[in-house]
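The values are calculated or read from the model by the stated rules, or taken from the named source; none is laboratory data. Keep in mind that this is a model prediction, so the values were computed, not measured. Don't worry about glycine lacking a Cβ; one is built from the backbone with ideal geometry, like all the others, and counts go over all protein chains shown. In case anyone asks, the SASA skips ligands and DNA or RNA and just uses the protein heavy atoms, side chains included. Shrake-Rupley method; radii C 1.70, N 1.55, O 1.52, S 1.80 Å.
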Amino acid sequence: MREINASIPFDQRLWKQDIAGSRAHVAMLGAAGIVSAEDMAAIDQGLARIAEEYAASGVPVDLDREDIHMTTESRLAELIGPAAGRLHTARSRNDQVATDFKLWVRDAIDAVEAGLEALQGALVTRAEEHAGSVMPGFTHLQVAQPVTLGHHLMAYHEMIARDRSRFADAKARANLCPLGAAALAGTGFPIDREATARALGFDGPTRNSLDSVSDRDFALDYLQAATQCALHLSRLAEEFIIWASQPYGFVALPDAYSTGSSIMPQKRNPDAAELVRGHTGRIAGCMVALTMTMKGLPLAYSKDMQDDKPPVFEAHDLLALSIAAMTGMIETATFRTDRLRAAAEAGFSTATDLADWLVRQADIPFREAHHITGRVVKLAEEKGVALSAIPLSTLQAIDGRIDARVFDALTVDASVAARKSFGGTAPDQVRARVAEAKEALGL
């Protein structure tokens with residue numbers, strides 16, 4: 001029972017939040033006249049000293065003291081004597097842990113936000129650098145149409161922006177204070193829940209004591225946002241892994257984000273990107289773990305909920321590391337623009353531009369233009385040449401409405417320049433989106 005009941009090996013991470021919550025609680029108890037001014041001061045000073053001890057030496061792990069709450073309260077009793085027992089007036093470990101955990105998740109969101117902002121900054125900086133660098137755009141991993149590298153990187157900026165909005169929404173929903181709900185029914189003491197909520201930076205107190213101690217929605221919100229964010233990071237990592245392979249050769253990762261082989265000296269393995277990709281499965285697993293823990297719990301508190309923290313802590317650590325790794329890779333990668341352009345020029349990526357030209361210049365219905373273009377592509381495949389290398393006479397033999405102006409539309413540069421619709425890949429559009437993003441990020 002001692003082994004299974006103790007949570008101090010992992011909930012020691014809550015020590016800053018636990019002490020902050022206790023100091024706010026005792027200040028409220030003193031202001032309400034529930035404890036004397038002398039006891040309030042002694043408790044507050046004792047908690048401040050314990051915080052200094054934890055910061056200097058870490059939290060002592062003693063399974064007999066079960067958790068961070070009892071560890072701190074026991075140390076407080078050693079420091080100030082029986083007055084320490086007054087700290088727990090009008091409070092339960094149920095509302096205490098819910099408050100501590102909310103405070104921790106709120107801090108975790110702030111840390112993730114800062115990391116994602118830095119990642120966005122790296123993406124925007126490299127996108128501006130490569131606003132006009134042509135590369136192949138893919139569907140089904142087949143060359144589809146030319147785009148620019150800047151446009152491609154800004155796609156991930158948009159994904160990360162949505163991730164940040166999810167974390168912000170999660171924080172807003174979480175920002176009500178459970179402290180004062182006590183075990184499950186509230187308390188008969190004349191406490192001031194508004195005061196403790198304000199002191200801890202919450203928007204106000206929670207409105208139902210049963211819900212207050214049994215709610216872990218805020219932790220699930222965090223894990224769901226973390227999982228979606230990790231999925232985006234994994235997609236970017238996967239592209240770096242593919243692009244860094246020799247058949248592609250689109251990007252060279254620096255040694256700082258690569259490893260060598262134990263047997264093959266020529267290897268530069270994209271291990272950091274592969275680990276980001278791998279971490280995604282673990283983060284998603286953490287989300288599923290807590291979901292399953294909470295799925296059938298009756299109101300209010302059950303000991304199952306002690307297992308709420310390890311998956312959140314694990315997911316947060318993995319996500320923070322993944323964000324930092326991807327930011328470093330984006331900042332330091334060398335993009336092989338020559339290889340990117342060559343790949344864009346292969347695979348008949350301007351076929352759609354030929355079809356569009358037939359619609360605009362020859363007034364041909366798109367479906368017919370699509371059919372004509374298919375015949376041109378088939379011919380180019382047979383001859384092993386690019387579309388722009390087919391002689392005009394050959395093109396006119398396929399359809400006499402084609403004239404020499406068509407060659408202005410068949411280069412990859414002309415293709416990307418033509419995509420001027422809002423959000424398109426035209427370099428001017430990319431630069432406009434970069435400018436907006438830089439302003440939003442304060443760059």
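Once the Cα atoms are used to define both axes, helix 351-362 deviates from the longest principal axis of the chain by about 60 degrees.
Each of D304 and A342 was given a label point 7 Å from its Cα along the Cα-to-Cβ line. The distance between the two points is 5.9 nm. Only protein atoms count toward the accessible area here, which uses a 1.4 Å probe; on the chain, the carbon and sulfur part of that area reaches 53 percent. Cα centroid separation, the range 87-102 to the range 355-408: 73 Å. So how far, in whole Å, is the C-alpha centre of the range 162-237 from the one of the range 288-337? Distance between centres, Cα-based: 16 Å.
Taking a sphere under 11 Å around the Cβ of G180 and counting the other residues whose Cβ falls inside, with K and R at +1 and D and E at -1, yields a net charge of -1.
Full extension of the chain between K378 and A168 yields a length gain of 70.5 nm, computed as 0.36 nm times the residue separation minus the alpha carbon distance. Short-range pairs are left out: with C-alpha atoms under 8 Å and at least six residues apart, the relative contact order of the chain is 17 percent. Normalised by the number of residues in the range 1-128, the mean separation of alpha-carbon contacts (under 8 Å, six or more apart) gives a relative contact order of 34 percent. Taking 7 Å steps out from each Cα toward its Cβ at V61 and Q246 produces label points 4.6 nm apart. Kindly express, to the nearest 10 degrees and within the range 0 to 90, the angle between helix 271-294's C-alpha long axis and the longest C-alpha principal axis of the chain. Once rounded, the angle reads 50 degrees.
Shown in residue order for the range 312-324 are the 3J(HN,Hα) couplings computed by the Karplus curve 6.51 cos²θ - 1.76 cosθ + 1.60 at θ = phi - 60°: 5, 4, 5, 4, 4, 4, 5, 5, 4, 5, 5, 4, 4 Hz (x for Gly and Pro).
For S7, the residues 5 or more places off, or on other chains, whose built amide H falls under 5 Å of its own are D67. When the chain is treated as a GNM with alpha-carbon contacts under 10 Å, the residue of S212, S22, S388 showing the greatest mean-square fluctuation is S388.
As a calculated quantity, the FRET efficiency between I4 and A32 at R0 = 45 Å, using C-beta atoms, amounts to about 0.75. Seen against the Cα atoms of the chain and their longest principal axis, helix 217-244 is set at about 30 degrees. Summing +1 for each Lys or Arg and -1 for each Asp or Glu, what net charge is found among the other residues whose Cβ lies under 14 Å from the Cβ of R277? Residues near R277 contribute -2 overall. Taking all protein chains into account, the per residue accessible area for the chain stands at 45 Å² (1.4 Å probe).
Taking label positions 7 Å along the Cα-Cβ direction at both A397 and A161, the computed distance is 5.0 nm, reported to one decimal.
Per-residue extension of 0.36 nm, minus the Cα-Cα distance of T332 and S74, leaves a gain of 87.9 nm for this segment. If the chain linking Q142 and H370 were pulled fully straight, counting 0.36 nm for each residue of separation and taking away their Cα-Cα distance, it would gain 80.2 nm.
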